[in-house]
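The values are calculated or read from the model by the stated rules, or taken from the named source; none is laboratory data. This structure is a prediction, so every number in the text was calculated from the model and none was measured. Here the Cβ is made from the backbone with ideal geometry for all residues, glycine too, and neighbour counts use every protein chain on show. In case anyone asks, the SASA skips ligands and DNA or RNA and just uses the protein heavy atoms, side chains included. Shrake-Rupley method; radii C 1.70, N 1.55, O 1.52, S 1.80 Å.
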Amino acid sequence: DYFWNLIQFIVTKVPQNKIVYLMMHEEKDDSGEVKPKTIGKLLDEKVCIEGMFTIVLRCIEESGKHLFVTQSSQGAVS
């Protein structure tokens, strides 16, 4: 509930000229899909967290480099 309220505050109360960054750990579900890690099953079942944001980037480490994976590129970009 606290995390949901935090997201709602960011979306509805923070001025449009402000940028808010949230960083989260990730986890794989039973089907192998990667998603943001949360502490509540209820939130996971009811809400697509990444769908609430304008931009979502996934950072990976590959061969000693830190890269961002984006949906549009289907690969890593540095």
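So with the 1.4 Å probe, I'd like the accessible area per residue for the chain, rounded to whole Å².
Accessible surface, normalised per residue, equals 90 Å².
Sequence neighbours fewer than 8 away in the same chain don't count; with that in mind, list the lysines whose C-alpha is under 19 Å from K35.
The reachable lysines, counting only those whose Cα sits under 19 Å from K35, are K46.
With a cut-off of at most 13 other beta carbons within 10 Å, and DSSP calling the residue loop, which chymotrypsin sites (Phe, Trp or Tyr not before Pro) in the range 1-35 qualify? Please list them.
Listed in order of number, the matching sites are Y21.
Taking H placed 1.01 Å from N in the peptide plane, check which residues at least 5 places from T70 or on another chain put their amide H under 5 Å from its amide H.
G75, V77
For Cα Rg over 2.2 N^0.38 Å, one of (i) 1.35; (ii) 1.24; (iii) 1.76 was computed from the structure I shared and the rest are decoys. Which label?
Calculated Cα Rg over 2.2 N^0.38 Å: the matching label is (ii).
Could you tell me what percent of the accessible area of the chain is made up of carbon and sulfur, with a 1.4 Å probe and every protein chain present?
Percent of accessible area from carbon and sulfur atoms in the chain: 54.
Could you name the lysines whose alpha carbon sits less than 16 Å from that of K41, not counting residues in the same chain fewer than 8 places away?
K28
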